[in-house]
Amino acid sequence: MAMKLSFLAMLLCLLLASTPKAHASVFDVTSATYGAKPGSDVSTALAKAWSDACASPSASKVVVPSGTYNLKEANFRGPCKAPIEMQVQGTLQAPADAGQLTRPDTWVGFQYIDMLTLSGGGTFDGQGALSWNQNDCHKNKNCKPIPVNLRFEFLTNSKVQDITSLNSKFFHMHVFRCNHTTFQQLTITAPDDSRNTDGIHIGASTGINITHAKIGTGDDCISIGDDSHEITVTDVTCGPGHGISIGSLGKYKDEKDVTGIIVKNCTLTNTDNGVRIKTFPDSPSPSTASGIHYEDIIMVNVSNPILVDQLYCPYTQCEQKPPSKVKISNVSFKNIKGSSFTPLAVKLVCTTGIPCENVELIDIDLTYGGDKGPLTSMCSNVKPTIAGVTKALGCATSSLAPLPLSKK
C-alpha cells in the first residue's frame, strides 16, 4: 500500500512538472486585431488593446513594438481584472501643439490600477519645444494648463521601469494618490532652459520608491509636494535642473503634512540647487514637514548645495509677506561632499514665526574654487546640531533679521 501511494505521489509530481506554466496574454497593437503601424497614429489601436487587456481575467500585456508612432493622447483607466503590463518598446510621439488635447493637462495618463507595470525600454517623446516658448507660468499664476508627459493617479502596488521620458511640455511624470509604487531604471531628459519640466513630481502619495534614475531637466529633478509620506529616493543622478526638492509647500489652503522622506546615494551635477526644502511665506494654513533625511550625496559644481528656503517666492507678483506657517523639524544632512558653484554653500533660512527644530549638519565637506568670496554658510531661525563640519560651513553667520524673498 505504501509503495502504491509513493508511486502515485511521484506520478502526480511528474504531471505537475510537465504542466506548462501560464503566461500573460499578449495584446500587440500591430497585430491584425488592432492594426497599428509605425509612422501612423496609434491612439485608437492602443486604446482598444488596453480595453481588451484590462478585461482579461488573467495577467495581460499590451505591447508597442519597436518603431516610431504618433499618439495624440491616451488615458488608461482601471480597475483591471488582473495584473497588467504595458510594454513600450518603440517611441510614442506627442503632437507638438498642446492645443489638440482633450485633457489639456495630460498627454498619457494611468488611473485606478492595481499591479500595473509600465516597461519596455521605449520612449515617450513629448515634443515640448513649442510649449516651452509659450509657457508664461513663471509670470502668470493663472496660466493655461500645459500637458504632463505621464500622469499616474490612484495606482497601487505598481512599477514604472526601463522607459525614457523625453522633452515633456510640462512635468515629465506627475504622481498623485499612488501607494506602494516603484520607479526605477528611468531616463528623463529635457534641456536646461525648458521651463517647468520637473522630472518626477509626487503629491498625496505613500510608499513611493525612486531608484536608479538619470534625470536632467529645466526644473526640479524630483519634487515632493504636500501629503507625501514614506518616499525613498536612491541612486539618482540629477543634472541639469533645480535639484531634489521638498516642496514647494505652503502655497494653498489646507495642505497636508509631509513625513518620512529619504534621499540617499545621489549625485547632482551643475544644478541650480542641491538638496532643498522650499516653502512659501504667508501660508494660508499651518502644516508640517518632518522626518526628512539627505545622506551620502555628491555635489559637482552645484549652486546652493544645501538649502532650506522658507522665503520661496518664484513669481514676480511676490512681495514681502508674513512668515511661512510650515513647521520644519527632524531634518538631517549627512555625508554631503563635493564642490559648490556658489560661495554660500549651506543656507538654512527658516520662518520667523516657527523656527526649524532638530536639524542636523553632519560630515559636510564642500569646496568652492570661484572668485566671488570665501566659502561660507548662513542660518536664520534655526540652531542646527553640527558635527564633522568646518567652521565655514557650520552656520557661523546667523541672522534673525528679515531676509529678501528668493525667486528660484
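The values are calculated or read from the model by the stated rules, or taken from the named source; none is laboratory data. In this text the structure is predicted, and so the values were computed from the model without any measurement. Don't worry about glycine lacking a Cβ; one is built from the backbone with ideal geometry, like all the others, and counts go over all protein chains shown. Please note that ligands, DNA and RNA were not included when accessible areas were found on the heavy atoms of the full protein model with its side chains. Shrake-Rupley method; radii C 1.70, N 1.55, O 1.52, S 1.80 Å.
The table below gives the values:
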item	result
Å² per residue, accessible surface of region 93-152 at 1.4 Å	43
In order through region 367-382: 3J(HN,Hα) via Karplus (6.51 cos²θ - 1.76 cosθ + 1.60), integer Hz, x for Gly, Pro	10, 9, x, x, 10, 9, x, x, 4, 8, 8, 8, 10, 9, 6, 7
Residue-by-residue Karplus 3J(HN,Hα) for region 53-67, coefficients 6.51, -1.76, 1.60, Hz, glycine and proline x	5, 5, 7, 5, x, 10, 3, 9, 9, 9, 10, 10, x, 4, x
Helix axis angle, 2-18 relative to the chain longest principal axis, alpha carbon, degrees	70
Residue-count net charge about F176 - beta-carbon cut-off 15 Å; Lys, Arg +1, Asp, Glu -1	-1
Helical mean residue ellipticity (222 nm; -39500 (n - 2.57) per DSSP H run of 4+; nearest 500) of the chain	-2500 deg cm²/dmol
Region 159-262: C-alpha gyration tensor shape, a/c 1.5 cut-off, then a/b vs b/c	oblate
Extended-chain gain in nm, criterion 0.36 nm per residue less alpha-carbon gap, M378 and A82	101.2 nm
Surrounding net charge for V349, when Lys and Arg each add one and Asp and Glu each subtract one, Cβ distance under 12 Å	+2
Long-range amide H partners of K251 with built H, under 5 Å	F280
Interchain or long-range residues, amide H under 5 Å from K72's placed H	V42, S43
Note, ³J(HN,Hα) from phi for region 194-199, Karplus 6.51, -1.76, 1.60, rounded to Hz, x at Gly and Pro	8, 5, 6, 9, 3, x
Residues with amide H under 5 Å from that of T117, placed H, sequence gap 5 or more	I84, E85, M86, K159
Percent of Cα-Cα distances greater than 30 Å, calculated over the chain	45
Descending semi-axes in whole angstrom, ellipsoid equivalent of region 336-377, from the Cα gyration tensor	24, 14, 6
Calculated log₁₀ intensity ratio I(q)/I(0) where the Debye formula runs over C-alpha points of region 164-225, q = 0.12, 0.20, 0.25, 0.26 Å⁻¹	-0.25, -0.69, -1.01, -1.07
Positive minus negative residues near P95 (Lys, Arg vs Asp, Glu; Cβ under 12 Å)	-2
Sorted largest first, extent of region 299-358 alpha carbons per principal axis (Å)	35, 31, 14
Cα centroid of region 153-229 to Cα centroid of region 289-311, whole Å	18
